[in-house]
Amino acid sequence: MPRFGELEASIMEVVWSADKAITVRDIRDRLGREPAPAYNTVLTVTEILHRKGWLAREKHGRAFRYWPAGSRDDYTAQLVTEALDSAQDRAAALVRFMEKMEPGEMAEIRRALETARDAERRPR
Amino acid sequence: MIVTLFLLGHALLLATAGTAALRRAGWPTRAPRLAIAAWLALSASIVGSVILAGLTATTAATRAGSVPGRCYGPMRWPCAPDTFSGAAALAATGAVAALAVAARVVGCLCAAYRTAARERRLLLDALALVGRTDARLGVTVVDHAAPAAYCVPGRHGRIVVTSGALAALDDARLAAVLAHERAHMRQLHHLALTSARGLARAFGPLPAFTTAQDQIAFLAELAADDAAAKRSGRLTVAEALLALAEAAPADAMAAGGTATGARARRLITGSRPLGRTRILLGLTAAAAVLTAPPAAAEPALSATVVACCGSSHTTATQPGHVLRGARTRRPDYSAADEPATPLPRKPDLRSTTSRYRPATNGLIIPTSPKRQFRLSK
Ligand SMILES: [Zn+2]
């Protein structure tokens, strides 16, 4: 199972920080790497990101221009809400620590917990 | 046929009374890992019984319907020609049912594992981009106000904690949460969960499998809670649960008691773990439930294999027991078992020679050629 590569992450950073759709040549220039990776390498990885659904693209003249399919915050929110959402039937990809509770139940548990802690502290 | 009915009855009993009894039993919360094994054994036993029922129906019908000349199976089924069409239909039905159930199970299990792997990959990709690794804690932190902690299981698995969760937990409670998540990974709960999910999808409306799925999900949480309680103390785990729940937006839909609430109450009250003897007893029972169907079906299935493979009698009697000595004069054919063409009888030769060369006179073919060579010298 290949993990997200370092170059993929760098390309996403470049595309996220750009204010408009950019070409592969722009991405390569903005990567800020010495030496800069080969154009074909950047093109291949950018296409992989497009195929994975991270980048959208549109043809401008002879070259494609790319922009992010979702903002950084979108992905962050997705990582959190999917973990918190108990209604969603997820395919056991993750096992979450807890689900949301209703206020009355939380208050009841809080009381039981305090009683138990008191009993523990009190010398027998 | 009796075996087929037994297997179907076994499956039906487990799917109804067995499922209800296991769900209502009190011990699973005291031994959650054993209970997970019990639910998996129950599910596997139901599926196995149905598949084997189909196979035994086929073999029984094949024996019953086979042409008279080949009708010398140990069951001595009548070979009346008019039973043929019914037997053939039964054989076909059994085979198709067994094959269909087996294919559905394998297909749905594979689909469930593929889906889980794909979702894990997507999560890991997103985490690699927007999460940051906290080397000290050994977790991936996602900057988000909502408190959440979870693990992405598997080979490249990792524990994910939001910055909101880190803010809501002190060091002791955070340690409890991490111990809980590590227990999920160590005990491979995702494998049990994904299998249960695949089976539930395979037999959609059957409550036995959906119940198993729900129960295993809950029991996995209990098992992880127990591991965390052993390390951090049960009240600390309960406090961590409550701290995260209170920091999260309340859910009005979750009225009437949540699984998380049940877990917290169990941690606060404290549950006496099941004794070693009872655990062993439970494991034995689970193993028995699991092995009963194949054990019941094996004689019927192997008998048919022998009957269908022609030279049934030489394979049925063990050569070793013929070779053992003079006491065994010839393989024990009963008169009824005599094949159409009788084997050559050489009683005189055998009775005289057997005293000195007790093994054989070439009538019986020993299993290994090397041995045959040595014995005939
Ligand atoms: Zn958990």
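The values are calculated or read from the model by the stated rules, or taken from the named source; none is laboratory data. Being a predicted model, the structure only gives us computed values, none of them experimental. Here Cβ is always computed from backbone atoms with ideal geometry, including for glycine, and neighbour counts include all displayed protein chains.
For every residue, the table says whether it meets (1) within 13 Å of another protein chain (Cβ to nearest Cβ); (2) within 16 Å of the ligand (Cβ to nearest atom); (3) at pLDDT below 95.
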residue	(1), (2), (3)
B:242	yes, yes, yes
B:255	yes, no, yes
B:269	yes, no, yes
B:274	no, no, yes
B:277	no, no, yes
B:300	no, no, yes
State all residues of the stretch A:35-55 that are under 22 Å from the mean Cα position of the chain (by Cα) and not in a helix (DSSP H, G or I); if no residue qualifies, say none. A:52, A:53, A:54, A:55
For residues that are touching a Leu at 6+ places or on another chain (Cβ under 9 Å) and polar (S, T, N, Q), tally how many sit in the stretch A:42-61. 1
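Quick grid of which residues meet (1) part of a strand (DSSP E or B); (2) under 18 Å from residue B:218 (Cα atoms); (3) more than 15 Å from the ligand (Cβ to nearest atom):
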| position | (1), (2), (3) |
| --- | --- |
| B:140 | yes, no, yes |
| B:144 | no, no, yes |
| B:150 | yes, yes, no |
| B:160 | yes, no, no |
| B:173 | no, no, no |
| B:180 | no, yes, no |
| B:185 | no, yes, no |
Within the stretch B:2-57, can you find the residues that are among the aromatic types (Phe, Trp, Tyr) and closer than 21 Å to residue B:215 by Cβ? B:27, B:39
Under 6 Å between Cβ atoms, which residue pairs at least 6 apart in sequence (or on different chains) link something in the stretch B:216-230 that is more than 12 Å from chain A (Cβ to nearest Cβ) with a partner that is near the ligand (Cβ under 9 Å from one of its atoms)? B:227/B:183
Would you mind stating whether residue A:10 is free of Cβ contacts under 8 Å to residues at least 24 places away in the same chain, exposed (fewer than 14 other Cβ atoms within 10 Å of the Cβ) and within 18 Å of the chain's Cα centre (by Cα)? no
Out of the residues in the stretch B:132-162 that are more than 10 Å from every other protein chain (Cβ to nearest Cβ) and touching a strand residue (DSSP E or B) at 6+ places or on another chain (Cβ under 6 Å), state the one that is surrounded by the fewest Cβ atoms within 10 Å (Cβ to Cβ). B:132
Going through the stretch B:206-233 in order, the residues found to be more than 15 Å from the ligand (Cβ to nearest atom) and either outside any helix (DSSP H, G or I) or more than 30 Å from the chain's Cα centre (by Cα) (or both) are B:206, B:233
Per the filter on the stretch B:187-205, residues more than 10 Å from chain A (Cβ to nearest Cβ) and within 15 Å of the ligand (Cβ to nearest atom) are B:187, B:188
Condition met for residue A:46 (more than 16 Å from the ligand (Cβ to nearest atom) and modelled with pLDDT under 90): no
